[in-house]
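Here's the structure, in structure tokens; my notes come after.
What follows is calculated from the coordinates using simple rules that are stated; it is not laboratory data. What you are looking at is a predicted structure, and each value in this text was computed from that prediction instead of being measured. We place every Cβ from the backbone using ideal geometry, glycine too, and count neighbours over all the protein chains shown.
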Amino acid sequence: MKEELIISGRENLLVDPQLHIWHWPIPLYLFLGGLAAGVLFFAALYHLLGKEEEYRTAVRKAPFIAPFALVIGLICLFIDLNHKAYFWQLYTTIRIESPMSWGAWTLLVITVSAFIWCALHIREYFPAWDWKYKWLRDLESFFNRYKKQLAWVMLIFAIITGVYTGILLSAFNARPLWNTSVLGPLFLASGLSAGAAAIVLLSKDKKERLLFTKIDLIILGTELFLIVHMFMGFLASTQVQIEAAQLFLGGPYTVVFWIFVVILGIIIPGVLDLMEMRGKHIPAVLPGILVLTGSFVFRFVFVFAGQVSRWLY
């Protein structure tokens, strides 16, 4: 018998094509973008409904989270760029078929809208604020006159931003875990839930907190439904998507996903919200922090697990 010894380097890192190049800045950006989209959505919605005075935290206070979240998120994106000196080229063209092009322009609009919205309400918390320059005071007067139109822009682009954070991943067809149409609505629901939780944490008005507790409960239920629907779709699909789903069904990401995202981030906050609505005194900080933590962990685990899933097995 003739024996042959075959030595191969295929198991070495980066020999086969793979996409394990997205590290902590990307999931952190996805979380901060979703959170900003959530708080801006509710701010615009309740202004358009004529309930700004009734829900002042949602409309005037919570939106101050958004500029900081978006700026930190943009810094994360910048850190992740390989060719940082050329980021401006994203704004020299519009490519309808490119998720990156959509994202660049969406982030530009939503970030500018967030800063303008906060500028219109800055005297709410800093009464002595003075713009000093006449052209800035004129801009403030202009946007106050067209505040309703600004709210519509913010509402629409908040929804687009929330969905886009999921579409950014689902556009990568080579990653079976990300290749699902459920991802956009799921990321939007997660962002809205985080936004509602942030409003509950910041509000001192009992009526407002109860309203957004109810809203958060509905969104958490929707989020859980979308997660179940997503896994049902994976398990009824091709072998590679079944194997991608198994990363969370007995695989290396099972514990962190089901405990920190589903149980601690969705189910337990939902139960606490129900208890709050039934008259039980539940510290608002507890479900709020759990929801935000679950939303944060969800982005990280999904980004890293998605890069592990592949068509080559």
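Here are the numbers for the structure shown:
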{"item": "Among (1) -0.89, -1.11, -1.22; (2) -0.87, -1.18, -1.35; (3) -0.97, -1.22, -1.34, the entry that matches log10 I(q)/I(0) by the Debye sum over Cα atoms at q = 0.13, 0.15, 0.16 Å⁻¹ as calculated here", "result": "(3)"}
{"item": "With Cα atoms, 0 to 90° folded angle of helix 147-170 axis to the chain main axis", "result": "10 degrees"}
{"item": "Cα gyration tensor shape for region 144-238, rounded if a/c is under 1.5, else prolate or oblate", "result": "oblate"}
{"item": "Under the Karplus curve 6.51 cos²θ - 1.76 cosθ + 1.60, θ = phi - 60°, whole-Hz ³J(HN,Hα) for region 47-63, x wherever Gly or Pro sits", "result": "5, 5, 7, x, 10, 5, 6, 6, 10, 5, 5, 5, 8, 10, 9, 4, x"}
{"item": "Overall dimensions of region 29-93 as given by Cα atoms, namely Rg and Dmax in Å", "result": "15.4, 47"}
{"item": "Residue-by-residue Karplus 3J(HN,Hα) for region 178-186, coefficients 6.51, -1.76, 1.60, Hz, glycine and proline x", "result": "8, 7, 8, 6, 6, 4, x, x, 5"}
{"item": "Ellipsoid semi-axes in whole angstrom, largest first, where each is sqrt(5λ) of the Cα gyration tensor of region 47-140", "result": "31, 17, 14"}
{"item": "Using a Förster distance of 25 Å, the FRET efficiency for A236-S98 (Cβ separation, nearest 0.05)", "result": "0.25"}
{"item": "The chain: calculated mean residue ellipticity at 222 nm from DSSP helix runs of at least 4, using -39500 (n - 2.57)", "result": "-20500 deg cm²/dmol"}
{"item": "Debye intensity ratio I(q)/I(0), log10, region 184-306, q values 0.09, 0.10, 0.16 Å⁻¹ (C-alpha model)", "result": "-0.26, -0.32, -0.73"}
{"item": "Relative packing of 179-189, 101-111, which averages over residues the other C-beta atoms within 10 Å, highest first", "result": "179-189, 101-111"}
{"item": "Computed log₁₀ I(q)/I(0) - Debye formula, equal Cα scatterers, no solvent, region 258-313, q 0.13, 0.23 Å⁻¹", "result": "-0.41, -0.82"}
{"item": "Cα-centred dipole magnitude for region 84-140, charges only on beta-carbon of K, R (+1) and D, E (-1), debye, nearest 20", "result": "160 debye"}
{"item": "Gap separating the Cα centres of region 235-280 and region 99-126, nearest whole Å", "result": "32 Å"}
{"item": "Exposure proxy ranking, count of Cβ atoms within 10 Å, fewest first, for F41, F142", "result": "F142, F41"}
{"item": "Sites L224 and M275, calculated FRET efficiency, Cβ-Cβ separation with R0 22 Å, nearest 0.05", "result": "0.80"}
